[in-house]
Amino acid sequence: MGCPPQITKEGYEIQMGTNHIGHALLLKLLTPLLLQTSSSHPVRVISLASAAWKHAGPEKIQFETLKTLEGVTPVNRYIQSKVANMLYPQGFAKHYPQLTIVSVDPGDVATQLFSREPGDEQMRYLQTELAPKRVRPVEEGVVNQLWAATGEGVTSGLHYAPVGVYEPTGLAIDTELAKKVWEWTQKELEGQEI
């Protein structure tokens, strides 16, 4: 998140390109193998989202900004990418019901996510003053991902807060935006084959 604003060589704003498009492309390329595997073994895919969705603006994802550096702050670009990470599994689950895919929020984890955010005093204050009082160490921050990968009672297409708590509120149940994220991503990935 602390990277300067830039565009990937594929033409995407760096947060969306790194956090969502790259992962969606990898998943697309692995899907035939995952489907083949699912005929004899259960398959799970975990999308790492974030509680950042709770800070999304009224438009949630401004699709017109995903290939430009204009109009959205770095923090909001990160939020948009994490909203996509949270919603994309809904569309994937509808199209591939034989696979299990969920999004998870790791919770507040002591990472250096905001350490390089230039000039954002509010983020620096949050990291240095507030975060140390409420975050978990990285070793505990993976528990929700591990639960989603191995636990019982995981339902495909849902978003889980730590640990294993289905969060049926807000954007997590916005089926219209989830459909838009799915369709936009599929269009962007057209022609991307091995």
For the stretch 30-50, how many residues meet the condition of being modelled with pLDDT of 95 or more, assigned to a loop (DSSP other than H, G, I, E, B) and closer than 17 Å to P89 by Cα? 2
Lone qualifier among T185, T155 - being over 16 Å from the mean Cα position of the chain (by Cα), closer than 22 Å to R44 by Cβ and modelled with pLDDT of 95 or more: T155
Check on T111, surrounded by 14 or more Cβ atoms within 10 Å (Cβ to Cβ) and modelled with pLDDT of 95 or more: no
Taking the residues in the stretch 35-69 that are touching a Phe, Trp or Tyr at 6+ places or on another chain (Cβ under 8 Å) and farther than 23 Å from V165 by Cβ as candidates, determine which candidate is surrounded by the most Cβ atoms within 10 Å (Cβ to Cβ). L66
Starting from the stretch 147-170, keep only residues that are charged (D, E, K, R), then list their pairs with residues that are not in a loop (DSSP other than H, G, I, E, B) whose Cβ atoms are within a distance under 8 Å, requiring at least 6 positions of separation or different chains. E167/H159; E167/Y160; E167/A161
May I ask you to list pairs of residues, at least six apart or on different chains, whose Cβ atoms are under 6 Å apart, with the first in the stretch 10-32 being without any contact (Cβ under 8 Å) to a residue 12 or more places away in the chain and the second being surrounded by fewer than 13 Cβ atoms within 10 Å (Cβ to Cβ) and part of a helix (DSSP H, G or I)? none
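Go over the candidates A93, A84 one by one and state the one that is modelled with pLDDT of 90 or more, touching a His at 6+ places or on another chain (Cβ under 6 Å) and crowded, with 16+ Cβ neighbours inside 10 Å. Reasoning before the result, please.
On the way: A93 fails: touching a His at 6+ places or on another chain (Cβ under 6 Å).
Every option except A84 fails the conditions.
The values are calculated or read from the model by the stated rules, or taken from the named source; none is laboratory data. Just so we're clear, the structure is a prediction, and the values are computed from it rather than from any experiment. Cβ: placed from backbone, ideal geometry, glycine included. Neighbour counts: every protein chain shown.
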